[in-house]
Amino acid sequence: MTTEPYTVVLFHTSNHAFHAEMVLKKADIPCKLIPVPRHLSSDCGVCARVAAAQKSTVAALLERSKVTVAGLHDL
Amino acid sequence: MSAARPIYLDNAATSWPKPEVVTAAMIRCIDEAGGNPGRAGHRMSIAAGRIVAEARQAIADIFGVSDPLRIAFGPNGTEALNLALLGLLRAGDHVITSAMEHNSVMRPLRALESRGVALSVVPCSPSGELDLEALEAAIDSRTKLVVLTHASNVTGAVLPVARVGRLCRDRELLFLVDAAATAGAIPIDMNALCIDLLAFTGHKSLLGPTGTGGLVVGERVELASFEPLKRGGTGSRSDLERQPEFLPDVFESGTVNAVGLAGLAAAVRWILDRRVETIAEHHQQLRSFLCRGLDQIEGVRYLALGKGVPSAGTVSITFENLSPSEAGYRLDTEHDVLCRVGLHCAPVAHRTIGTFPHGTVRLSPGIFTTTDQLSAALKGIDALARSAR
């Protein structure tokens, strides 16, 4: 199985992650909520996984929608 | 509604019945989204988190809030009001309110007064006209906030929030509105009304279940000096022993009522599908019908509102020779009419309208009330009035 490179979008809180998911869905940008990888953060919640190719689009859209992003990591 | 059901005229206390979608959404939440929202990465936790996010979006849509993350959920309107008042006011500050408030505003304010916060209570006429000149005259250099009920829970009179909001903006004061009696029944646009903080409850005219409510925190409110009521687990920044400072987590310690919020989200969508403006019109029609009927009954008085004072639909009545408590009991047991009697947790409002300390019989129809039900209730009221003559 081959996987496309993806970016993990971290948030300060899952509340922001769920809202980000709604914003991305509305813009037809595929995103999957996954548990926060332990090596990136100690948070108990979720982060959003998006295609790496859409990293800058996602960052701009979330900023416009006032969703604070805590970090973007290419994995 | 079947004939066996009572005539429920206590919607100002809590709305009943609820739209069927509310019950269905709550059952679905328990059955399919039983995880703890925002506390884990597994699918049931994510499902619960999505429900909370959908509720936040629904509330944002109904109040014209551009950023749903500025909505902090809590158990009811009272806690939202306590959060705003206790969280923002400090000794040496001055706060202004009206003489039509519910105790959910007056009690925290009186407690703050004993801790060194100066309080001005602006008079209001019995028919609902707020003394705007007195309000403006009460503003001084220490004034930080004006808190106003959107509508009286006793008389239904809608207070001039748009004008007070504009005044607060001009004088650089924060404006907190208690929307317990109006949210879902009267259109509220936070920006248009210049509201900085909006406290709402989910179980009245928003048609959701009890145990839901919250505070919308506008962008003019400085979070740095806004103390939360409680601190604890938020599922975020778990590495820190200090409370996170960002919205909504700063005000949402402890697991939120996801099941209740599932019901609230469904209720708000149901309302938005029918338009708040249409619902408001329905309430006006019911109130007019009720008042026309009451006009024909000898020995009963209702509190008429002033010219140009809009109504949230509630009507308070008194009987000439019958106490409110006896009238309420007999309406229930003899006529199947359920309503609330007494002071309605608003002693200052009853002082304003001259019905303290006995109070009134409050008739509050809801979205599902029919004119046939009101006719039956009026017959019961007439029978009671006749028996007391």
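At-a-glance table
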quantity: Subset of segment B:15-39 (residues that are open to solvent by less than 30 Å² (accessible area, probe 1.4 Å) and assigned to a helix (DSSP H, G or I)); calculated: B:22, B:25, B:29
quantity: Out of B:304, B:258, B:266, sole residue that is more than 13 Å from chain A (Cβ to nearest Cβ), within 24 Å of the chain's Cα centre (by Cα) and within 23 Å of residue B:212 (Cα to Cα); calculated: B:266
quantity: Residue tally, condition touching a Ser or Thr at 6+ places or on another chain (Cβ under 7 Å) and more than 9 Å from every other protein chain (Cβ to nearest Cβ), over segment B:25-39; calculated: 2
quantity: In segment A:1-21, residue farthest from residue B:255 (Cα to Cα) [restricted to those that are out of contact with any helix residue (DSSP H, G or I) (no Cβ under 6 Å at 6 or more places or on another chain), at the interface with chain B (Cβ under 7 Å from one of its Cβ atoms) and assigned to a helix (DSSP H, G or I)]; calculated: A:16
quantity: The listed residue being open to solvent by less than 10 Å² (accessible area, probe 1.4 Å) and β-branched (Val, Ile, Thr), out of B:341, B:361; calculated: B:361
quantity: Residue within segment A:33-42 that is open to solvent by 30 Å² or more (accessible area, probe 1.4 Å) and more than 12 Å from chain B (Cβ to nearest Cβ) present; calculated: yes
quantity: Filter pass, residue A:68 being open to solvent by 50 Å² or more (accessible area, probe 1.4 Å), among the polar types (S, T, N, Q) and within 12 Å of another protein chain (Cβ to nearest Cβ); calculated: yes
quantity: Strands (runs of 3 or more DSSP E) contained in segment B:60-136 and holding at least 2 residues surrounded by 21 or more Cβ atoms within 10 Å (Cβ to Cβ); calculated: B:71-74, B:94-98
quantity: Index of the failed condition, residue B:154 passing every other in (1) on the phi < 0 side of the Ramachandran plot; (2) part of a loop (DSSP other than H, G, I, E, B); (3) surrounded by fewer than 17 Cβ atoms within 10 Å (Cβ to Cβ); calculated: (3)
quantity: Qualifying residue in segment B:40-51 (condition: in a helix (DSSP H, G or I), of a type outside the set (S, T, N, Q), out of contact with any strand residue (DSSP E or B) (no Cβ under 6 Å at 6 or more places or on another chain) and within 8 Å of chain A (Cβ to nearest Cβ)); calculated: yes
quantity: Subset of segment B:87-132 [under 12 Å from residue B:176 (Cβ atoms) and among the aliphatic types (A, V, I, L, M)]; calculated: B:88, B:89, B:95, B:96, B:105, B:109
quantity: Residue under evaluation residue A:24, criteria (1) open to solvent by less than 20 Å² (accessible area, probe 1.4 Å); (2) within 14 Å of chain B (Cβ to nearest Cβ); (3) touching a helix residue (DSSP H, G or I) at 6+ places or on another chain (Cβ under 6 Å), criterion not met; calculated: (3)
quantity: Residue match in segment A:52-63 (condition: within 11 Å of chain B (Cβ to nearest Cβ) and under 25 Å from residue B:234 (Cβ atoms)); calculated: no
quantity: Test: residue in segment B:276-287 that is in contact with an Asp or Glu (Cβ under 7 Å, 6 or more places away or on another chain) and surrounded by fewer than 20 Cβ atoms within 10 Å (Cβ to Cβ); calculated: no
quantity: Yes/no for residue A:45 being among the small types (Gly, Ala, Ser), open to solvent by less than 70 Å² (accessible area, probe 1.4 Å), under 21 Å from residue B:71 (Cβ atoms) and modelled with pLDDT under 95; calculated: yes
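Condition check ((1) modelled with pLDDT of 95 or more; (2) in a helix (DSSP H, G or I); (3) not hydrophobic (A, V, I, L, M, F, W, C)) across all residues:
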| site | (1), (2), (3) |
| --- | --- |
| B:298 | yes, no, yes |
| B:327 | yes, yes, no |
| B:345 | no, no, no |
| B:350 | no, yes, yes |
| B:369 | yes, no, yes |
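The values are calculated or read from the model by the stated rules, or taken from the named source; none is laboratory data. Keep in mind the model is a prediction, meaning the values are calculated, not measured. No Cβ is skipped: glycine too gets one built from the backbone with ideal geometry, and neighbour counts run over all protein chains shown. Calculation scope for accessible area: heavy atoms of the full protein, side chains included, ligands and nucleic acids excluded. Shrake-Rupley method; radii C 1.70, N 1.55, O 1.52, S 1.80 Å.
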